[in-house]
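S.K.: Here you go, one structure.
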Amino acid sequence: MRIIIAGGHGKIALLLAARLKSGAVGLVRNPAHLPDVEATGAGAVLCDLERASLDEVTRIVEGADAVVFAAGAGPGSGAPRKDTVDRGASVLLADAAERAGVGRFIQISSMGAGKPPAGGDEVWAAYIRAKTEAEEDLRRRDGLAWTILRPGRLTDEPGTGLVRLAPEVPPGAVPRDDVAAVIVALLEHPGTAGRTLELVSGDTPIIDLVATE
């Protein structure tokens, strides 16, 4: 498989690339990040999804089996970049995937998306709105076998391979390593297309849960 990972230098993306190795291609906007992606065994391509054209992104994803949207504006970014990255870049990547005939699309969203922002500040509210609108854009598309994954609070603890994965789960945390493992399982089980799934740590092996979704 050839899997394109947007936001290729992010923590989840690097963990995912390390699992997929030569089957993955990470997209990064900073040339200094190319070696970090390549060190996982994956390929790396320079592409700034805030500035790239649809034609450019389409050329990059042509021939891919799936794309994974793991990009995010990140800590310290203001409300405008939550829109341009967390929503706009996802829409651009989905447009390119459809144009290139890439059927499978995994979107990393967030628990809290799909609901009015609860608490937090203006930037948090902008982040939740952006994730919600990116999800809504995917659901309107008939040409993509999309799956939306909403992890809980992310940690850097070692993965356990034991999670709770369902359309709705109680709030909780989950290691980024387990998020990456769940994405691999989703890619291997196309029957999860058309599902929005929330994810936190639990007591059930990942493959058992994904195979039944």
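The values are calculated or read from the model by the stated rules, or taken from the named source; none is laboratory data. Bear in mind that the values here come from a model prediction, so they are computed numbers and not experimental data. FYI the Cβ positions are ideal-geometry reconstructions off the backbone, even for glycines, and counts take in every protein chain you see. Accessible surface areas use protein heavy atoms only, side chains included; no ligands, DNA or RNA. Shrake-Rupley method; radii C 1.70, N 1.55, O 1.52, S 1.80 Å.
S.K.: Can you tell which of Pro171, Pro175 is in contact with a Gly (Cβ under 7 Å, 6 or more places away or on another chain), farther than 14 Å from Phe69 by Cβ, touching a residue at least 24 places away in the same chain (Cβ under 8 Å) and buried (at least 20 other Cβ atoms within 10 Å of the Cβ)?
M.R.: So the residue among Pro171, Pro175 that is in contact with a Gly (Cβ under 7 Å, 6 or more places away or on another chain), farther than 14 Å from Phe69 by Cβ, touching a residue at least 24 places away in the same chain (Cβ under 8 Å) and buried (at least 20 other Cβ atoms within 10 Å of the Cβ) is Pro175.
S.K.: Could you count how many residues in segment 96-124 are open to solvent by 10 Å² or more (accessible area, probe 1.4 Å) and free of Cβ contacts under 8 Å to residues at least 40 places away in the same chain?
M.R.: So the count comes out to 10.
S.K.: Does at least one position in segment 74-87 carry a residue that is buried (at least 21 other Cβ atoms within 10 Å of the Cβ), among the basic types (Lys, Arg) and either touching a Lys or Arg at 6+ places or on another chain (Cβ under 9 Å) or modelled with pLDDT under 95 (or both)?
M.R.: Taking every residue of segment 74-87 in turn, at least one turns out to be buried (at least 21 other Cβ atoms within 10 Å of the Cβ), among the basic types (Lys, Arg) and either touching a Lys or Arg at 6+ places or on another chain (Cβ under 9 Å) or modelled with pLDDT under 95 (or both).
S.K.: Over 25 Å from Arg140 (Cβ atoms) and surrounded by fewer than 21 Cβ atoms within 10 Å (Cβ to Cβ): which single residue out of Ala193, Ala211 fits that description?
M.R.: Ala211
S.K.: Hey, another quick one. Condition check: at pLDDT 95 or above and over 24 Å from Val182 (Cα atoms). Does Asp95 satisfy that?
M.R.: yes
S.K.: Now for a separate question. Considering each residue of segment 55-73, count those that are open to solvent by 50 Å² or more (accessible area, probe 1.4 Å) and either among the aliphatic types (A, V, I, L, M) or over 15 Å from Ile4 (Cβ atoms) (or both), and give that number.
M.R.: 1
S.K.: Checking the conditions here, which among Arg19, Arg51 is of a type outside the set (Gly, Ala, Ser) and either without any contact (Cβ under 8 Å) to a residue 40 or more places away in the chain or touching a His at 6+ places or on another chain (Cβ under 7 Å) (or both)?
M.R.: Arg51
S.K.: In addition: Looking at segment 151-164, I want the residues that are over 12 Å from Leu199 (Cβ atoms) and touching a residue at least 60 places away in the same chain (Cβ under 8 Å) and have a partner that is open to solvent by 60 Å² or more (accessible area, probe 1.4 Å) and small (Gly, Ala, Ser) with Cβ atoms under 6 Å, at least 6 apart or on another chain. Which pairs are those?
M.R.: The qualifying pairs do not exist here.
S.K.: In segment 147-188, which strands (runs of 3 or more DSSP E) lie fully inside it and hold 3 or more residues that are more than 17 Å from Lys131 (Cβ to Cβ), touching a helix residue (DSSP H, G or I) at 6+ places or on another chain (Cβ under 8 Å) and among the aliphatic types (A, V, I, L, M)?
M.R.: Output list reads 162-166.
S.K.: Looking for something more than 17 Å from the chain's Cα centre (by Cα), in a loop (DSSP other than H, G, I, E, B) and not hydroxyl-bearing (Ser, Thr, Tyr) - is there at least one such residue anywhere in segment 190-201?
M.R.: No, because not a single residue in segment 190-201 is more than 17 Å from the chain's Cα centre (by Cα), in a loop (DSSP other than H, G, I, E, B) and not hydroxyl-bearing (Ser, Thr, Tyr).
S.K.: On to the next question. Within the bounds of segment 141-160, is there any residue that is open to solvent by less than 30 Å² (accessible area, probe 1.4 Å) and over 20 Å from Ile5 (Cβ atoms)?
M.R.: The answer is yes, given that some residue of segment 141-160 is open to solvent by less than 30 Å² (accessible area, probe 1.4 Å) and over 20 Å from Ile5 (Cβ atoms).
S.K.: Something else about it: Give the residues of segment 130-146 that are within 24 Å of Thr212 (Cα to Cα) and either part of a strand (DSSP E or B) or touching a Gly at 6+ places or on another chain (Cβ under 6 Å) (or both), sorted by residue number.
M.R.: Matches in segment 130-146: Ala145, Trp146.
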